[in-house]
1. Filter the stretch 187-216 down to residues that are among the acidic types (Asp, Glu) and away from ligand 4 (no atom under 16 Å from the Cβ) and give me whichever is nearest to Thr166 (Cα to Cα).
2. Which of (1) away from ligand 3 (no atom under 16 Å from the Cβ); (2) open to solvent by 30 Å² or more (accessible area, probe 1.4 Å); (3) in contact with a Leu (Cβ under 9 Å, 6 or more places away or on another chain) does Val147 not meet, given it meets every other one?
3. If I ask for residues that are touching a Ser or Thr at 6+ places or on another chain (Cβ under 9 Å) and of a type in the set (A, V, I, L, M), which ones from the stretch 68-84 would you list?
4. Here's a check for you: in the stretch 245-266, which residue that is assigned to a loop (DSSP other than H, G, I, E, B) and open to solvent by 40 Å² or more (accessible area, probe 1.4 Å) is farthest from Pro46 (Cα to Cα)?
5. Which is within 17 Å of Ala225 (Cα to Cα) and loosely packed, with under 13 Cβ neighbours inside 10 Å, of Ser178, Ser190, Ser158?
6. Could you list, ordered by first residue, the pairs with Cβ atoms under 7 Å in which the first is in the stretch 223-240 and under 7 Å from Val200 (Cα atoms) and at pLDDT 95 or above and the second is of a type in the set (S, T, N, Q) and open to solvent by 70 Å² or more (accessible area, probe 1.4 Å), at least 6 apart or interchain?
7. Condition check: farther than 30 Å from Ser168 by Cβ and polar (S, T, N, Q). Does Gln246 satisfy that?
8. All but one of (1) away from ligand 3 (no atom under 16 Å from the Cβ); (2) in a helix (DSSP H, G or I); (3) under 29 Å from Ile163 (Cα atoms) hold for Leu274; state the number of the condition that does not hold.
Amino acid sequence: HSKELGRNTYNFFTMQMNQDMNRRLQVEEQLRSALQRQELEVYFQPLVDIRDRKTIGAEALLRWDNVKLGKVTPDEFIPIAEQTGLIVPIGRFVMEQAFTAAAQWQKNYQNNFRIAINVSPKQFRDSAFIEVLTQLLQEHQLASHCVELEITEGVLLSGDPVIAQTLSELNNIGVSISMDDFGTGYSSLSYLRSYPFDTVKVDKSFINDITVDPGDLELVGAAIAMGHGLNLNVIAEGVETEEQYQLLNALKCNYGQGYLFSRPVPLEEFEQILQREHQT
Ligand code: C2E
Ligand code: MG
Ligand code: MG
Ligand code: MG
């Protein structure tokens, strides 16, 4: 009896594994031609000044609608893009789209409009990264101090000296570096000490419960105070409610991002947000 049960459990797991592997292979196969088929689109989510709720910039967030698989989330396809190296051309596409839009918005709405880009480990380690970035800034006449590169602990994890070198070169060029998902990693604090960050983005998992969990509120308050003590800007991710917003305002958090202000939206829709804020 128990032998049979064992065999069924075994079958269940192999079936599950096969399904997962199959899906992964399909995603990979489709992703290889996604750029060429123009299935990728850059969405924009407002970065908001906590004091007056005005949009000061945007984070570029990739969306993929595939001919066979339908919509695939970044949490599923970005890791695959990373593992296969496809993130390098895809990341370049994101920068191109985002810089084009940002340059336009600077011209039409606010000259210091900031654009934030997510940069994954493989992209960051690519030897041509800085060259491509500089060339794109030049091409779009975009000031480097308006560009923010968001990296997670994963970028720093290897301890490779090339990473430190790249970070200091970026610092010299004048682009800002943000630590994304702050608080979720293992060594965020020591990384903040060792590298030239300008901004910390407190992970949305901490913001989520600040109105109900005194411990989380305490942690977010401490993260904000620490950021300010180190001369960093602090962005709260995942602000969804008015109550969360009020607490963050009281804690003197600098910037916020979240569904309360807007979901990530396509370019035209983002443009409408700017238009609305800049009329009168
Ligand atoms: P992230 O950089 O931490 O981006 C923030 C994520 O939180 C986005 O998920 C955004 O849609 C979501 N978000 C924003 N406000 C709220 C809110 O109020 N509530 C909740 N629950 N979520 C909120 P998204 O767009 O699904 O992206 C997931 C992750 O995929 C990103 O996390 C980033 O790590 C990665 N990613 C997205 N686009 C790119 C890209 O162009 N390049 C790279 N390398 N990674 C990207
Ligand atoms: Mg990000
Ligand atoms: Mg994040
Ligand atoms: Mg994330």
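1. Step one: list which residues in the stretch 187-216 are among the acidic types (Asp, Glu), which gives 198, 203, 209, 213, 216.
Imposing the further condition that a residue be away from ligand 4 (no atom under 16 Å from the Cβ) reduces the set to 198, 209, 213, 216.
Values: Asp198: 15, Asp209: 36, Asp213: 39, Asp216: 34 Å.
Selected residue: Asp198.
2. Going through the list (1) away from ligand 3 (no atom under 16 Å from the Cβ); (2) open to solvent by 30 Å² or more (accessible area, probe 1.4 Å); (3) in contact with a Leu (Cβ under 9 Å, 6 or more places away or on another chain), Val147 breaks only (2).
3. Step one: filter the stretch 68-84 for residues touching a Ser or Thr at 6+ places or on another chain (Cβ under 9 Å), giving 78-79, 81-82.
If the condition is that a residue be touching a Ser or Thr at 6+ places or on another chain (Cβ under 9 Å) and of a type in the set (A, V, I, L, M), then Ile78, Ala81 are the ones that fit.
4. Quick first cut of the stretch 245-266, residues assigned to a loop (DSSP other than H, G, I, E, B) only: 251-254, 257-264, 266.
Restricting the remaining residues to those that are open to solvent by 40 Å² or more (accessible area, probe 1.4 Å) gives 251-252, 254, 259-261, 263.
Values: Leu251: 20, Lys252: 19, Asn254: 14, Tyr259: 10, Leu260: 10, Phe261: 7, Arg263: 8 Å.
Only one residue tops the list, namely Leu251.
5. Numbers: Ser178 fails: loosely packed, with under 13 Cβ neighbours inside 10 Å; Ser158 fails: within 17 Å of Ala225 (Cα to Cα).
Exactly one residue qualifies, and that residue is Ser190.
6. none
7. Values: farther than 30 Å from Ser168 by Cβ: yes; polar (S, T, N, Q): yes.
It is true that Gln246 is farther than 30 Å from Ser168 by Cβ and polar (S, T, N, Q).
8. Failing condition for Leu274: (3).
The values are calculated or read from the model by the stated rules, or taken from the named source; none is laboratory data. Note that this is a predicted model, so its numbers are computed, not measured. Here Cβ is always computed from backbone atoms with ideal geometry, including for glycine, and neighbour counts include all displayed protein chains. Heavy atoms of the whole protein, side chains included, go into the accessibility calculation; ligands, DNA and RNA do not. Shrake-Rupley method; radii C 1.70, N 1.55, O 1.52, S 1.80 Å.
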